[in-house]
Structure formats: C-alpha cells, structure tokens
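The values are calculated or read from the model by the stated rules, or taken from the named source; none is laboratory data. The structure presented is a predicted model; accordingly, all values stated were derived computationally and were not measured. Glycine gets a Cβ as well: all are built from the backbone with ideal geometry, and neighbour counts include every protein chain shown.
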Amino acid sequence: MTLEYLGGNQLQLLTNGRGYFPALQKAIDAAQNEIYLETYIFADDHTGRRIAAALVRAAGRGVVVHVLVDGFGSKGLFEQTRKLLDAANIEVLIFGPKTSPLTLRRNRLRRLHRKLAVVDAHVAFVGGINIIDDMHTPRHTPPRYDYAVRIEGPLVASVLEQTERLWRRVAWASLKRGTERHAPVAAAAHGTQKAVLVVRDNFRHRSDIEDAYLEAIREAHKEVIIANAYFFPGARFRHALREAAGRGVRVVLLLQGRIEYVLLHYASRALYGSLLDAGVEIYEYHQSFLHAKVAVIDRHWATVGSSNIDPFSLMLAREANIVVEDLDFSQELRRSLLDHMKSGAKVVAKRQWHRQPLWRRLLIWSAYGCTRLLMGVAGYGGKH
C-alpha cells in the first residue's frame, strides 16, 4: 500500500501517562466547542476521575463532549465514572456488548481498541494509552510503559473524521441522536512534519496497519526496531522480519518480559527460535509492564498507536496508528526505545534459548497449540 502523508504537522511524542494525561487535560480545559474521546478502558481510578472532571468542567462551559468506550475493555471499571459524566449531560456511548472473555464468536471479539481524542478540531491525540493509572498494574510495579502523540496541523482533520464517523455509527446502532455541532476544522500548517493516520476496521481497512508495517520492513536498509506488548504475528510478518535480517538489516524486537496473560506469554515464545536463528535480536522488558505499540525503521519512519502485532489487533479490533515520515520524530522515539532497552530489558541469547529445559519447551509449545486452536475456533486462523 502507498501511504499518503500530510505535511505541515507539529507532533509531540508523549511517554507514559506522565506525559500524556497532563497534555490531554490541558487540551480539554482549553476546549470551547467540542470534544471527542475514544478509549478501550476508562477506569474509575485517580486518572479516570481526573480526566472525567476535566470533561465535566468542559461540559459546564457549554462544550459538546462525546465519550465512546469499549463495552468489554471498560466492563466493571466505568460505572461510577459514567454516572459522573451522565450527570453533566455528557454524551456517552458504549461500543459493542459486554461479552465474556471466554466468548469465541468472531463478531463479539471485534472490539474498539483504539485510543483517540480530538479537541475543537484543532488538537488531536493518537496512541496506545488508556484512561487508567500508570500504576494500575499487578503488584504495584513501576509505571506501565507506553506512548502517545499530540498532533496539531492538517492531520487533525483525519482523526476527527474517524472519530465522528464511528460515533455516528454507534449512535445510530444505539438508536440515539447526539447534539450536532462541529468546530471549524483547523487545516492550517502548524509545523513541518509529515504523517498519516492508518486505521484497521472490518470494512475497507482490514489490513492497512499490518500492510504499512510490512511495506516499511521490506524497504528497510539498515535497522528495524519494534516495541510491542502482545507479539504473536502471522506468517507474512514473521517472514518479513526474517527476510530483512537475512539481507543485513538489524532487526530488534522489544517485547513483554513480565507475565500478564499466561497463555499468550508462553505461546509467543514459540516464535523466538526461528527469529533468533534468522539473526533477529530479541529483548524482553522487565522493569514494568510493556504496553507500547511502536516502531522505528531506518531512523526516519516511525509509528505510534494502539495496534499490537497479534491476531486480535491485526484481524479483529478497531485500531489506529499514526505513521510518521520525519527524521527528528523518529530519532526521538528511537532514543527513547534504546534508553528503555538499556535500563529495563534483558537480551534473549540465542544459545541459551535453545538450551531451555524440556519442561519449559513443553509449556511453550502446549501454550502455542492452545492459542492456535482458539484462533481456529474463533475463525481467524490460517496463513495471515
């Protein structure tokens, strides 16, 4: 696929909630017309209440506020916050049914996983950070490691188009009509950076995010660095990584080191052997829970967003990534990744990996078999 980049943008890389939530709150507090906010998780914790309070203040000023959350991702976490938003006459919609995680019907696994916000058609945010405390992780580990991007410039219109379109679709399906208001779209240039919004849905953009990755990997000449929380790629993606390493490109994967979801944790490790044998470098992040979904290729191409490299993100969920063609932005993200690798990750040594005890190999391949079986039952197995 050929990406159509929009120039004239000013992009700010935001690391973790420490960078993201103050920027988001500041934008909300400056809102005068309308706000769209989409998130997979909107938690009733300190951070959730902080952002909710900012939305309530905006509504009190007459700003039209639209909040769209996923019915499963926010299940059991959003009830109190929703009451607060409802009391302020904020328009709230729930995407999809509150289905059980054991449900394997394909249509019920199609979740809203993207994290987008647009304020006054002037400022937008794209990334992987939910509305939840950074410290909301098991055993109170250091902050969850993730990224988002603050956008000003022509690209904001693309983000607004996506949020408005989905809002209207969900509102129609819910038999609701929201308040109609549209702030003037800010199309003027605010900088010099080129970027494009790439989405994945189940209509016209089924494989756009994966295709963008694959095109960049296949054209790489020197280096591919990918940081991804839930890594279980299909055959095309694995082949592209091995082929890049085979032609002399340095391929580096920064993956989840801590156990969050046991089955996927061990199943994904069944892929390590062939990647290591092909010359791919693998690092596991242990300092905290890795939640990032980012990449830098040849120090000028970068992506930040919500899409993992697993069947859920690449074949089922609604996702959104920003792809950036800019040396300064890419170099900043690359430096951040290398710093986190140095301070919080451990290299997976090829020789040591192949000398694992039999019990661990059996565990890994059993988890891989179970995961493949579940993928087939849910209807998204095959060669993808």
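Can you say whether Ser313 is buried (at least 24 other Cβ atoms within 10 Å of the Cβ), at pLDDT below 95 and either in contact with a strand residue (DSSP E or B) (Cβ under 8 Å, 6 or more places away or on another chain) or more than 19 Å from Ser207 (Cβ to Cβ) (or both), as far as the supplied structure shows?
Values: buried (at least 24 other Cβ atoms within 10 Å of the Cβ): yes; at pLDDT below 95: yes; either in contact with a strand residue (DSSP E or B) (Cβ under 8 Å, 6 or more places away or on another chain) or more than 19 Å from Ser207 (Cβ to Cβ) (or both): yes.
Taking the combined requirement at face value, the residue satisfies it.
If you check Arg355, Arg334, Arg299, Arg318, which single one turns out to be charged (D, E, K, R), farther than 30 Å from Pro154 by Cβ and in the same structural domain as Ile226 (by TED's automatic domain parsing)? Quick ask: steps written out before the conclusion?
Details: Arg334 fails: farther than 30 Å from Pro154 by Cβ; Arg299 fails: farther than 30 Å from Pro154 by Cβ; Arg318 fails: farther than 30 Å from Pro154 by Cβ.
Residue meeting the stated conditions: Arg355.
Kindly indicate whether any position in the range 319-326 is surrounded by fewer than 18 Cβ atoms within 10 Å (Cβ to Cβ) and more than 19 Å from Phe237 (Cα to Cα).
If we filter the range 319-326 for residues that are surrounded by fewer than 18 Cβ atoms within 10 Å (Cβ to Cβ), which is where we start, we get 325.
Now narrow it down to the ones that are more than 19 Å from Phe237 (Cα to Cα): 325.
Yes: the range 319-326 contains one or more residues that are surrounded by fewer than 18 Cβ atoms within 10 Å (Cβ to Cβ) and more than 19 Å from Phe237 (Cα to Cα).
For the range 24-39, which positions are within 18 Å of the chain's Cα centre (by Cα) and either surrounded by fewer than 17 Cβ atoms within 10 Å (Cβ to Cβ) or in a helix (DSSP H, G or I) (or both)? Outline the logic, then answer.
Narrowing the range 24-39 to residues within 18 Å of the chain's Cα centre (by Cα): 24, 36-39.
Matches in the range 24-39: Leu24 only.
Each row is one residue, and each column tells you yes or no for (1) acidic (Asp, Glu); (2) touching a Leu at 6+ places or on another chain (Cβ under 8 Å); (3) assigned by TED's automatic domain parsing to the domain that holds Gly153.
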| site | (1), (2), (3) |
| --- | --- |
| Met1 | no, no, no |
| Leu11 | no, no, yes |
| Leu24 | no, no, yes |
| Glu34 | yes, no, yes |
| Tyr40 | no, yes, yes |
| Arg49 | no, yes, yes |
| Ala52 | no, yes, yes |
| Val56 | no, yes, yes |
| Gly60 | no, no, yes |
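Which is part of a helix (DSSP H, G or I) and either within 18 Å of the chain's Cα centre (by Cα) or assigned by TED's automatic domain parsing to the domain that holds Val156 (or both), of Tyr266, Tyr272, Tyr213?
Numbers: Tyr266 fails: either within 18 Å of the chain's Cα centre (by Cα) or assigned by TED's automatic domain parsing to the domain that holds Val156 (or both); Tyr272 fails: either within 18 Å of the chain's Cα centre (by Cα) or assigned by TED's automatic domain parsing to the domain that holds Val156 (or both).
Just one listed residue meets the conditions, Tyr213.
A quick yes/no check of all residues on (1) touching a strand residue (DSSP E or B) at 6+ places or on another chain (Cβ under 8 Å); (2) at pLDDT below 95; (3) not hydrophobic (A, V, I, L, M, F, W, C):
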position: Gln32; (1), (2), (3): no, no, yes
position: Arg50; (1), (2), (3): no, no, yes
position: Gly62; (1), (2), (3): no, no, yes
position: Val67; (1), (2), (3): yes, no, no
position: Phe78; (1), (2), (3): yes, yes, no
position: Val92; (1), (2), (3): yes, no, no
